[in-house]
Amino acid sequence: MNFSWTAHRFAGGALALDVANSVVLRHDEARRVDRFGVEGQLLSFPKAAAEFSAERAIFGDVVLTAPKDKQAFIALREATDRYFRSRVLCGHEEALLADLLEAIARVLRGGSAANGVDRATAHSALRLIATPDNERMKICGNCGWLFLDRSKNRSRVWCDMTVCGNRAKASRHYRRRKEEDVP
Ligand SMILES: [Zn+2]
């Protein structure tokens with residue numbers, strides 16, 4: 001499968017969520033794709049994050065670099081998804097928060113570069129933990145991505161109306177799902 005990092009891939013509204021969302025269709029075992037498992041994707045992610053992430057102003061003009069320890073970065077991604085997904089679905093769980101804090105600590109202790117995407121992701125996750133706005137964090141009804149709903153009346157259902165909103169409409173209309181539905 002051929003991918004490029006587009007603005008849509010950063011619909012999460014926070015870098016930590018965009019990183020969690022690098023697993024496409026996480027909830028669908030048969031169609032799930034780990035983009036960081038695809039050749040070259042992890043290396044091209046930091047540059048795209050600096051360009052498209054909703055938190056890009058925080059990174060400033062600094063060029064984000066690849067994670068120092070890929071395993072620690074992926075562990076952070078998984079702990080981020082588990083904690084926040086569970087928080088949206090069933091509420092805060094102390095054990096999952098502890099796992100996430102450990103994954104964050106591992107990245108911060110591991111000597112990642114000051115401008116490393118791993119460090120930036122860890123700090124993004126800390127911001128999400130420190131400012132819990134549970135009504136704003138949602139799970140897209142089409143693709144299963146985590147996203148922050150920053151709309152005034154908090155009425156968003158899709159991570160990205162132009163992609164998932166339209167696909168959901170189309171699939172309701174045709175009552176079929178095809179391979180190109182992959183967000
Ligand atoms: Zn979506």
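The values are calculated or read from the model by the stated rules, or taken from the named source; none is laboratory data. Nothing here was measured: the structure is a model prediction, and the numbers come from that model. Ideal geometry is used to build each Cβ from the backbone, glycine not excepted, and the neighbour counts take in all protein chains shown. When the accessible area is computed, the model is the full protein with side chains, heavy atoms only, and any ligands, DNA or RNA have been set aside. Shrake-Rupley method; radii C 1.70, N 1.55, O 1.52, S 1.80 Å.
Within the chain, the proportion of Cα pairs with more than 21 Å between them is 48 percent.
Rolling a 1.4 angstrom probe over the chain with all protein chains present gives an accessible area of which 52% lies on carbon and sulfur atoms. Estimated from helical segments only, the mean residue ellipticity of the chain at 222 nm is -14000 deg cm²/dmol, where each DSSP H run of four or more residues counts as -39500 (n - 2.57). The residues of region 7-181 present an accessible area of 52 Å² per residue when probed at 1.4 Å with all protein chains retained. Centre-to-centre separation between the Cα atoms of region 11-37 and those of region 96-112: 20 Å.
For the chain, the residue among Ile129, Gln71, Leu146 whose Cα projects farthest onto the positive side of the dipole built from Cβ charges is Leu146. Placing +1 on the Cβ of every Lys and Arg and -1 on the Cβ of every Asp and Glu, with no other charges, gives region 4-154 a dipole of roughly 240 debye about its Cα centre.
For Ser4, the solvent-accessible surface computed with a 1.4 Å probe is close to 70 Å², ligands and nucleic acids excluded.
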